[in-house]
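Heads up, the thing below is written out as structure tokens.
Any read-out appearing in this document is the output of simple, stated calculations on the displayed coordinates, not a laboratory observation. Every value quoted in this text rests on a predicted model; they were computed, and no experiment measured them. Note that each Cβ is placed from the backbone with ideal geometry, even for glycine, and that neighbours are counted across all protein chains shown.
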Amino acid sequence: MPPTAPTAPMVDVITWSLEQTSPSDLASAKAPDDDVRIVRAEVPSPEFSRFLYTAVGGDVRWTDRLGLTYAQWQEIVDRPGAETWVAYVDGTPAGYVELDPQADGVVEIMYFGLVPAFRGRRIGGHLLSRGTERAWDLAGRWPGRQATRRVWVHTCSLDGPHALANYERRGYRLFDTTVGPEPEVAAPGPWPGAFPA
């Protein structure tokens with residue numbers, strides 16, 4: 001009988017789902033002191049999308065997209081109506097928000113976060129505010145889609161320690177909490193071997 005591969009230890013992960021149901025729910029953050037520009041990535045680019053994903057999520061265990069092929073990344077960036085907005089500080093990408101308009105006037109914030117070097121500088125609240133504003137303006141812009149009636153997002157206990165509080169400060173309300181086991185994996189970093197084992 002062949003040896004079985006060892007299974008990864010499991011850890012309980014709390015997932016919080018939050019929503020806004022009116023544009024008036026948004027409590028915008030004050031703009032940071034840094035020279036921050038928030039710009040839409042107009043040209044769909046799997047390379048740039050993957051760079052943002054690994055740079056922002058590498059230390060907080062974003063792993064669900066790491067195994068995707070180039071063609072799968074292309075499908076993601078080519079989704080009808082999907083948008084990526086990038087925060088730049090003095091020309092350097094500091095973070096991003098990825099918006100996904102769905103059926104019936106719903107927009108999901110698929111991914112949101114900052115590169116570690118830019119956290120703690122009040123950029124996150126500003127980027128989330130601008131991303132949420134755009135989400136409220138997004139769904140109705142596409143033929144056959146109704147105006148946005150709901151913007152939602154989820155975060156979990158593996159994300160940064162201030163993620164949930166940032167969403168709540170921006171006016172998002174909790175509508176669901178789940179707890180479930182997930183394999184415990186080391187934070188991969190922005191490239192293989194970035195973090196020591």
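Near Ala94, the amide H atoms lying under 5 Å from its own belong to Ala87, Tyr88, Val89; only residues 5 or more places off or on other chains count, and H is placed 1.01 Å from N.
The convex hull around the C-alpha trace of segment 94-139, projected and averaged over every direction, spans 2.9 square nanometres.
Based on the Cβ-Cβ distance of Leu66 and Ala147, what FRET efficiency does E = 1/(1 + (r/R0)^6) give at R0 = 25 Å, to the nearest 0.05?
About 0.10, to the nearest 0.05.
Rg and Dmax of segment 1-150, both derived from C-alpha coordinates alone, stand at 17.4, 63 Å. Between the beta carbons of Ala194 and Ser22, assuming R0 = 45 Å, the FRET efficiency works out to 0.65 to the nearest 0.05. The local environment of Arg37, defined by Cβ-Cβ distances under 12 Å, has a net charge of -1 under the rule Lys, Arg +1 and Asp, Glu -1. With the simple model of a label 7 Å out from the Cα in the direction of the Cβ, Thr92 to Thr178 spans 3.8 nm.
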